[in-house]
Amino acid sequence: MHELDVEAFCRRTWPRLHGALVLQLGSREAAEDVAQEALARAWERWERVSAMANPEGWVFRVAFNLASTDRRRRRVADRVAALRPLAPLVDRTDDILSVHAALAELPPRERAAGV
């Protein structure tokens, strides 16, 4: 398909994609960012995506995966921000060594999850 086809696809897909992401994320701005990124990825891979049985379904899956990643990052950032006032109370060297030792004992997948 040509550039006009992908442009038409993006214009046609945008309203439903953005609306679904607003409901999922609770923020129009965050939904706009995620929807734009998902459609940009479709544009970059259009030759492959357009040959799929359900290109719109692919874009929705990519968008919802991106939304999940975005939510996880925000939760982690919120936790880190909440813990910052406690940082001076902790002897960091001992903690860092303890964490390194504990992580070294875990199997690779569990270690990755812990990190």
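Using 0.36 nm per residue of separation minus the Cα-Cα distance, give me the extension gain between R16 and A81 in nm, one decimal. Each step should come with its number before you reach the end.
Details: separation 65, 0.36 × 65 = 23.40 nm, distance 3.41 nm.
Length difference between fully extended and current span is 20.0 nm.
Along Cα→Cβ, 7 Å out, is where each label goes; now give me the distance between the ones at A40 and N65 in nm to one decimal.
Result: 1.7 nm between the two label points.
Send over a whole-number figure in Å² for the accessible area per residue of the chain, probe 1.4 Å.
Working: 8550 Å² over 115 residues.
I get 74 Å² per residue for this part.
How far is helix 55-83 tilted off the main Cα axis of the chain, in degrees rounded to 10, range 0 to 90?
Approximately 30 degrees, to the nearest 10.
Provide, in order from the shortest bin, the percent of all Cα-Cα pairs of the stretch 1-52 in each 10 Å bin, continuing until the bin that contains the maximum pair distance.
27, 48, 22, 2
Report, to the nearest 10°, how far helix 3-25 tilts away from the longest principal axis of the Cα atoms in the chain, using its own Cα long axis and a range of 0 to 90°.
40 degrees
How far is helix 28-44 tilted off the main Cα axis of the chain, in degrees rounded to 10, range 0 to 90?
On a 0 to 90 degree scale, this one is about 70.
Tell me the carbon and sulfur percent of the accessible area for the stretch 2-74, rounded to whole percent, probe radius 1.4 Å.
Details: 2270 of 4650 Å².
The nonpolar share, carbon plus sulfur, comes to 49 percent.
Scale the Cα Rg of the chain by the rule-of-thumb value 2.2 N^0.38 Å and send over the ratio, two decimals. The partial results should precede the final answer.
Working: Rg = 20.4 Å, N = 115, 2.2 N^0.38 = 13.4 Å.
For the chain, the normalised Cα radius of gyration comes out at 1.52.
Exactly which trypsin sites (Lys or Arg not before Pro) in the stretch 6-115 are in a DSSP loop and have at most 16 other Cβ atoms within 10 Å? Walk me through the intermediate numbers first.
Details: sites: R11, R12, R16, R28, R41, R45, R48, R61, R71, R72, R73, R74, R75, R79, R92, R109, R111; in loops: R45.
Here the trypsin sites (Lys or Arg not before Pro) that fit, given the DSSP loop and packing criteria, are R45.
The values are calculated or read from the model by the stated rules, or taken from the named source; none is laboratory data. Predicted model, so just to flag it, every value in this text is computed and none were measured. Using ideal geometry, Cβ is built from the backbone for each residue, glycine included, and neighbour counts are taken over all protein chains shown. Surface accessibility is based on the protein's heavy atoms, side chains included, excluding ligands, DNA and RNA. Shrake-Rupley method; radii C 1.70, N 1.55, O 1.52, S 1.80 Å.
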